[in-house]
Amino acid sequence: GESVGLHLPTLSVQEGDNSIINCAYSNSASDYFIWYKQESGKGPQFIIDIRSNMDKRQGQRVTVLLNKTVKHLSLQIAATQPGDSAVYFCAEKGGSQGNLIFGKGTKLSVKP
Amino acid sequence: KAGVTQTPRYLIKTRGQQVTLSCSPISGHRSVSWYQQTPGQGLQFLFEYFSETQRNKGNFPGRFSGRQFSNSRSEMNVSTLELGDSALYLCASSSRGLGTEAFFGQGTRLTVV
């Protein structure tokens, strides 16, 4: 069936280090992916997106990599800061209705 | 530019009651999608409205319904509430609809007792 999953449910990094959050997806027909950040008590916040015709996209301190061969998505955060502590979700446009399907999330904890 | 606004932020209801949640999208956005978020199931798609029409629907029972007004504001209704309906209900607005960049509100935390 359609599913989006995460390799690591929790990730703890030192402030200033780089973080890598991984995501596997199962629908090879998915053509659009988004990363969201959700802080406690808030709704998901858009971070960055990528279309399937690209394999890399960079934003401010974040980079998304897409490997369609192995159906893998990753989010790299450079120089991780305490404010980056949150749950990160990947989402794919792959639902039967064309809706976004979300992974379970990875909790990122940044140690000062 | 104001973000997505959801009201109320918190609700406590009793089993069997019904509830209506409201979402005001970003100005100019015509698509509003609703999601249910629970610890066990994560974020699950409920339905999407675009220009006052329900365009897509997820796998939720008919107790979950919604509508969209001409100003793009949307409401979601849940009838005959069950304990399992306790969740964070999120709405997301976008200019072009499902599968495109969507912006979420802070959600309505519904607790059914």
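The values are calculated or read from the model by the stated rules, or taken from the named source; none is laboratory data. This one's a predicted model, so the numbers in the text were calculated from it and none came from an experiment. In this analysis, Cβ positions are derived from the backbone assuming ideal geometry, glycine residues included, and neighbour counts consider all displayed protein chains.
Check B:Gln44 against each of (1) buried (at least 23 other Cβ atoms within 10 Å of the Cβ); (2) at the interface with chain A (Cβ under 9 Å from one of its Cβ atoms) and name the one condition it does not meet. Every listed condition holds for B:Gln44 apart from (1). Residue count for region B:54-88 under the criterion of being at the interface with chain A (Cβ under 10 Å from one of its Cβ atoms) and within 16 Å of B:Tyr10 (Cα to Cα): the result is 1.
Per-residue answers, yes or no, for (1) at pLDDT below 95; (2) part of a loop (DSSP other than H, G, I, E, B); (3) within 14 Å of chain B (Cβ to nearest Cβ); (4) more than 16 Å from A:Ser109 (Cα to Cα):
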| position | (1), (2), (3), (4) |
| --- | --- |
| A:Val13 | no, no, no, no |
| A:Gly16 | no, yes, no, no |
| A:Asn27 | yes, yes, yes, yes |
| A:Met54 | no, yes, no, yes |
| A:Leu73 | no, no, no, yes |
| A:Gln76 | no, no, no, no |
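Quick check, is B:Leu98 touching a Lys or Arg at 6+ places or on another chain (Cβ under 9 Å) and modelled with pLDDT under 95? Taking the combined requirement at face value, the residue satisfies it.
Among residues belonging to region B:19-40 that are assigned to a loop (DSSP other than H, G, I, E, B) and surrounded by 12 or more Cβ atoms within 10 Å (Cβ to Cβ), point out the one that is farthest from the other protein chains (Cβ to nearest Cβ). Among residues in region B:19-40 that are assigned to a loop (DSSP other than H, G, I, E, B) and surrounded by 12 or more Cβ atoms within 10 Å (Cβ to Cβ), the one farthest from the other protein chains (Cβ to nearest Cβ) is B:Arg30. Looking across region B:93-113, the residues that are farther than 13 Å from B:Tyr10 by Cβ and either within 7 Å of another protein chain (Cβ to nearest Cβ) or surrounded by 20 or more Cβ atoms within 10 Å (Cβ to Cβ) (or both) come down to B:Ser93, B:Ser94, B:Gly97, B:Leu98, B:Gly99, B:Glu101, B:Ala102, B:Phe103, B:Phe104, B:Gly105.
Please state which of the following conditions A:Tyr36 fails to meet, knowing it meets all the rest: (1) more than 10 Å from chain B (Cβ to nearest Cβ); (2) under 21 Å from B:Tyr35 (Cα atoms); (3) hydroxyl-bearing (Ser, Thr, Tyr). All conditions are met except number (1).
In region A:77-96, what residues are surrounded by 18 or more Cβ atoms within 10 Å (Cβ to Cβ) and farther than 22 Å from A:Lys42 by Cα? Those that are surrounded by 18 or more Cβ atoms within 10 Å (Cβ to Cβ) and farther than 22 Å from A:Lys42 by Cα: A:Lys93, A:Gly94, A:Gly95. Sort out which residues of region B:48-80 are buried (at least 18 other Cβ atoms within 10 Å of the Cβ) and either on the phi > 0 side of the Ramachandran plot or in contact with a His (Cβ under 9 Å, 6 or more places away or on another chain) (or both), and write them in order of number. Once the filter is applied, which keeps residues that are buried (at least 18 other Cβ atoms within 10 Å of the Cβ) and either on the phi > 0 side of the Ramachandran plot or in contact with a His (Cβ under 9 Å, 6 or more places away or on another chain) (or both), region B:48-80 yields only B:Ser72.
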